[in-house]
1. Residue 65 - would you say it is under 21 Å from residue 201 (Cα atoms) and buried (at least 17 other Cβ atoms within 10 Å of the Cβ)?
2. Go through the stretch 89-110 and give me each residue that's surrounded by 15 or more Cβ atoms within 10 Å (Cβ to Cβ) and either in contact with a Ser or Thr (Cβ under 9 Å, 6 or more places away or on another chain) or in a helix (DSSP H, G or I) (or both).
3. Would you check which residues across the stretch 73-122 are farther than 22 Å from residue 168 by Cα, touching a strand residue (DSSP E or B) at 6+ places or on another chain (Cβ under 6 Å) and among the basic types (Lys, Arg) and list them?
4. What are the residues in the stretch 155-176 that are in a helix (DSSP H, G or I) and either in contact with a strand residue (DSSP E or B) (Cβ under 6 Å, 6 or more places away or on another chain) or among the charged types (D, E, K, R) (or both), if any?
5. Is at least one residue of the stretch 76-87 among the acidic types (Asp, Glu) and within 22 Å of residue 143 (Cα to Cα)?
6. Within the stretch 29-45, count every residue that is out of contact with any helix residue (DSSP H, G or I) (no Cβ under 8 Å at 6 or more places or on another chain) and either among the aliphatic types (A, V, I, L, M) or modelled with pLDDT of 95 or more (or both).
7. Taking into account only those residues within the stretch 151-161 that are out of contact with any Asp or Glu (no Cβ under 7 Å at 6 or more places or on another chain) and not charged (D, E, K, R), which is surrounded by the most Cβ atoms within 10 Å (Cβ to Cβ)?
8. If a residue must be assigned to a loop (DSSP other than H, G, I, E, B) and of a type in the set (S, T, N, Q), how many such residues does the stretch 29-50 contain?
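The values are calculated or read from the model by the stated rules, or taken from the named source; none is laboratory data. From a predicted model like this one, the values you see are computed outputs, not experimental measurements. Every residue, glycine among them, receives a Cβ derived from its backbone with ideal geometry; neighbour counts consider all protein chains shown.
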Amino acid sequence: MAKKFDVIVFDLGGVLLDISGVQDILNWRGNCESLPEFWLNWINSRSVRAFESGVMTDDDFIANIVSEFELPISPETFKQSYCGWIKGIFDGIPEILTQLKSEYRLACLTNTNTLHWPEVEASGILTYLDLPFVSFKMGEVKPEAAIYQKMLAILNVPAERVLFIDDNQINVDAALSCGIQAYRVVGVDQVKNCLQEQGII
């Protein structure tokens, strides 16, 4: 059977990497919102978008988030927590990526920043990927169409030959609008199920 895709693109946090450190914010806020509600507010935050597109300093971002999300903590406490959000690669992901690598180009498309990127590099996940597409280096963030279009131009393949997997539906919808085949998954089991449903593994 002919392959449906040439490239498989993964989001990082929630898909390949555990970022459970975000629970700190929910705790500080008294769990006044669910995790999906928090992520929607986070994605739509002007400070988050500016920081992850590379146009805001670390210190300004930290101060703005403490204020914007009304966190009852100091900027220093938030920074210490935030720098530890990434807990590592989900168990089972290295085996899946190793299996895929012989037949597909593998990439990530991630909204991230200068504080989290060193943690991403330290996790070792990039050793399994051919191309990292990183928001603060590209000057664009998901779910804006521009970041997907820049990625497609660099990949130099038709949009329909790209499979994109993300844990936020808004990012999936944006990819679909660009002609990319995209699915929402959270965690290794859903990653595996998605790839099986597409006949990839």
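1. Numbers: under 21 Å from residue 201 (Cα atoms): no; buried (at least 17 other Cβ atoms within 10 Å of the Cβ): yes.
No.
2. Initial filter on the stretch 89-110 (surrounded by 15 or more Cβ atoms within 10 Å (Cβ to Cβ)): 89-90, 93-94, 96-97, 100, 104-110.
Of everything in the stretch 89-110, those that are surrounded by 15 or more Cβ atoms within 10 Å (Cβ to Cβ) and either in contact with a Ser or Thr (Cβ under 9 Å, 6 or more places away or on another chain) or in a helix (DSSP H, G or I) (or both) turn out to be 89, 93, 94, 96, 97, 100, 109, 110.
3. Within the stretch 73-122, 105 is the sole residue that qualifies.
4. Taking the stretch 155-176 first, the residues in a helix (DSSP H, G or I) are 155, 159-161, 169-176.
Scanning the stretch 155-176 gives 155, 160, 161, 169, 172, 173, 175, 176.
5. Taking the stretch 76-87 as the starting set, the residues that turn out to be among the acidic types (Asp, Glu) are 76.
Pick out the ones that are also within 22 Å of residue 143 (Cα to Cα) and you get none.
Among the residues of the stretch 76-87, not one is among the acidic types (Asp, Glu) and within 22 Å of residue 143 (Cα to Cα), which makes the answer no.
6. Summing the residues that are out of contact with any helix residue (DSSP H, G or I) (no Cβ under 8 Å at 6 or more places or on another chain) and either among the aliphatic types (A, V, I, L, M) or modelled with pLDDT of 95 or more (or both) in the stretch 29-45 gives 0.
7. Within the stretch 151-161, the first condition is being out of contact with any Asp or Glu (no Cβ under 7 Å at 6 or more places or on another chain), and the residues that meet it are 151-156, 158-160.
Checking which are not charged (D, E, K, R) leaves us with 151-156, 158-159.
Values: 151: 24, 152: 19, 153: 8, 154: 12, 155: 19, 156: 8, 158: 11, 159: 17.
Among those residues, the one meeting the criterion is 151.
8. Step one: of the stretch 29-50, the residues assigned to a loop (DSSP other than H, G, I, E, B) are 29-34, 45.
Then drop every residue that is not of a type in the set (S, T, N, Q), which leaves 31, 34, 45.
Number of matching residues: 3.
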